[in-house]
1. Can you name the residue in the range A:260-279 that is buried (at least 20 other Cβ atoms within 10 Å of the Cβ) and hydrophobic (A, V, I, L, M, F, W, C) and is also farthest from the other protein chains (Cβ to nearest Cβ) among such residues?
2. Based on what the data block shows, is residue A:244 surrounded by 15 or more Cβ atoms within 10 Å (Cβ to Cβ), in a helix (DSSP H, G or I) and away from every other protein chain (no Cβ under 14 Å)?
3. For residue B:248, which of the numbered conditions (1) within 16 Å of ligand 1 (Cβ to nearest atom); (2) within 14 Å of chain A (Cβ to nearest Cβ) fails to hold?
4. Condition first: within 16 Å of ligand 1 (Cβ to nearest atom), under 19 Å from residue B:155 (Cα atoms) and not in a strand (DSSP E or B). Now tell me which residues in the range B:188-206 satisfy that.
5. Find all pairs meeting these conditions: Cβ atoms under 6 angstrom apart; at least six residues apart or on different chains; first residue within the range A:220-237 and of a type in the set (Lys, Arg); second residue surrounded by fewer than 24 Cβ atoms within 10 Å (Cβ to Cβ).
6. Could you tell me which numbered condition residue B:96 fails, if it satisfies all but one of (1) within 23 Å of the chain's Cα centre (by Cα); (2) within 16 Å of ligand 1 (Cβ to nearest atom); (3) farther than 19 Å from residue B:181 by Cβ?
7. Looking at the range B:214-253 only, could you name the residues that are on the phi > 0 side of the Ramachandran plot and in a strand (DSSP E or B)?
Amino acid sequence: MARYEEVFDALGLREWCDANKTDAPMSMAQLLAQTQGDDAAAETEGLPFPSLDVMHEACAAIGQTRDLTEGLEQGFLAIRGELKFVLDPVTQPLSWLLDGALFVFESAPWWLMIPALILVSWFVSKSRAVTAFVAIVLLFFSLIDHYDVAMQTLAIVFVCTGLSVVIGVPVGIGMSRSNTAQRLIVPLLDLLQTLPTFVYLIPLIFLFSVTESKLYGIAIILYAIVPVIRLTDLGIRLVDKDVIEAADAFGMTSRQKLTRVQLPLALPNIMAGVNQTIMMSLAMVVIASLVSAPGLGVLVLRGIRNLELGVGIVAGLGIVLLAVILDRVSKAALSRVDKQRNAH
Amino acid sequence: MTQDTPAQPKVSIRGLFKIFGPTDTEMVELVQNGMDKATLLEKHSHVLGLQDINVDMQAGEITVIMGLSGSGKSTLIRHLNRLIEPTAGEILVDGQDIMGLDAAKLRRLRQEKMAMVFQKFALLPHKTVLQNAEMPLSVRGVDTATQTTEARKWLKRVGLEGFEERFPAQLSGGMQQRVGIARALTANTDIMLMDEAFSALDPLIRTDMQDLLLELQKELEKTIIFITHDLDEALKLADHLVILKDGAIVQQGEPQHILLNPCDPYIEDFVSDINRARVLRVRSVMSALTAEQFDGDIEAGSTLERLISMSDGDTNHVYRVMQDGEAVGQLDMKDLVKALVPRSSSNEGARVA
Ligand SMILES: Nc1ncnc2c1ncn2[C@@H]1O[C@H](COP(=O)(O)OP(=O)(O)O)[C@@H](O)[C@H]1O
Ligand SMILES: [Mg+2]
């Protein structure tokens, strides 16, 4: 086991190693050995990889791997107060928005809400088929007594998508203007998109109380904002160089260029981003219900917890239906913009 | 001839160099000492865009810059409104060095002094034809009523009345470029920059557009800088012709003069394929009045083609050349025939007064 002791002796580090030797907690290997029985020690014959735990055996001054995870936790807890002090007031409006939207969607009577939603989808999509489909789905939800939860989910999706656009578009614009900004932000976006969603729930739970709506609001936005940012950046970068040159040649200021040329021409891409953001925030709603988000997700969760198969599946299909109508409406809006420009 | 220079050129380029690369200013000296484009690229990884350009562009004239693809024409014209910054040199507009302008003044120069027409039209696809034509004025913050009247006026002038509410994608290439021209005219600038404005169009439509441009120019007398890679187009439009090769000027001057006196094998090559009878004018090949008897009168500005058909191909004829009702010279059909052959294949020297 103690193959590396000679190394530390040879380097003359023995004294430093033993300086404040205490009874260290068990290493990973010891822990495993203990659970697997006594003969495990024999397996470590040969040359083990000089991991932190192995080197700790040889030299007590070197930390164990569990110190690393523990250190991270301690570090986070140490700055938690400060983080909370900054983040709490900044994110408070999110709680208000979510609670407000939930209140409106829950308390508005169905005979007002359903026509209103149908009207909105008509104005956004300008498509009869899509509007009719929305109407059917909404009536279906009401019929199977899922109207309330569907409205809660919709309220959350609207607020989170809206905020994602409000924050994401300016970030995307900034990114498109500077290659340095792009280089810095892209890895962050990759991280947000690939990090398992449960993982960033962990620090959020430490920071905020689970009874606050902003907890799941932040989780959803962090996850769903990525496509808006990416596609705003991409859309602006893809704007025809010749048109930009014309804008410059006629003496546009950079603000005029942004509002008259870049944003309108990037609009189809931005809208494609918004469509994806809607889909992703809907996907997050189920996970968010783990941290007290109301809506269809709660029923899915109940299906899993209590093994109520029917409840879970109906709620799951309900989410699919919501996804489909949101997708169709936003895509219809997108193709309307496209058609106007390329019409013959 | 037209070589008498007025007091001040409208646009003047002095000692302009453009080198693309991170340490371009350090490369100027190498180029000045005679390093060529290929060596510069190979040894220092810098692209030689333009070298030692000196051109005067007179007010009210069409200056045509001609050269093969990659010779630096687009680079040159973009220096005039500083879409590209020079490595060294001066650009004077109305006597003022525009290199000294700050961002705000440069924007005003672009808004009020120079309009540009692009090879690929570069219209705003999400705006209507009318809104596109209004753009230069709306950028300046002119009131909307004026914007609309001006835009409508110029759209009508280029033959697009009735198309105001269409979108660019609904128009043919030729019509889109008419919008491009209307947009530049709405800007109401003295100077118009046209970068291969007609190169993307079909030959017949291109001829129409050239005629339109000449007709507008007769009326408006703008200072036009026109880029082309097509010699026929250059000869048709140019008052002053500048020939570029590998970023350097090979020859510049009155187009007829260049045609009759190419100073470089490169240009001889260029001009050898041209239909000279259609391009050359009587005044460029006439000689001093000596004969007593003439077979007829011909205007100095007529093409040789015209005279050939007038003479019915008889090479014994001698014609009197008239300008504004006065006899200014004579043209022997034998001289005419010699002028039709490029200099490289005959020994015919310059006949230009
Ligand atoms: N931004 C640039 N970086 C490097 N080289 C360039 C750049 N722009 C143009 N060039 C080079 O300059 C030369 C002239 O280009 P251009 O002015 O576009 O030619 P033209 O318009 O006559 O076809 C070409 O060799 C081209 O490769
Ligand atoms: Mg070009």
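The values are calculated or read from the model by the stated rules, or taken from the named source; none is laboratory data. These figures come from a predicted structure and were not determined experimentally. No Cβ is skipped: glycine too gets one built from the backbone with ideal geometry, and neighbour counts run over all protein chains shown.
1. A:278
2. No, not satisfied.
3. Only one criterion is unmet by residue B:248, namely (2).
4. B:197, B:198
5. A:237/A:176
6. Just one mismatch for residue B:96, condition (2).
7. B:253
Let's see how each residue does on (1) free of Cβ contacts under 8 Å to residues at least 40 places away in the same chain; (2) within 16 Å of ligand 1 (Cβ to nearest atom); (3) not aliphatic (A, V, I, L, M):
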position	(1), (2), (3)
B:109	yes, no, no
B:117	no, yes, no
B:125	no, no, yes
B:165	yes, no, yes
B:168	no, no, yes
B:172	yes, no, yes
B:177	no, no, yes
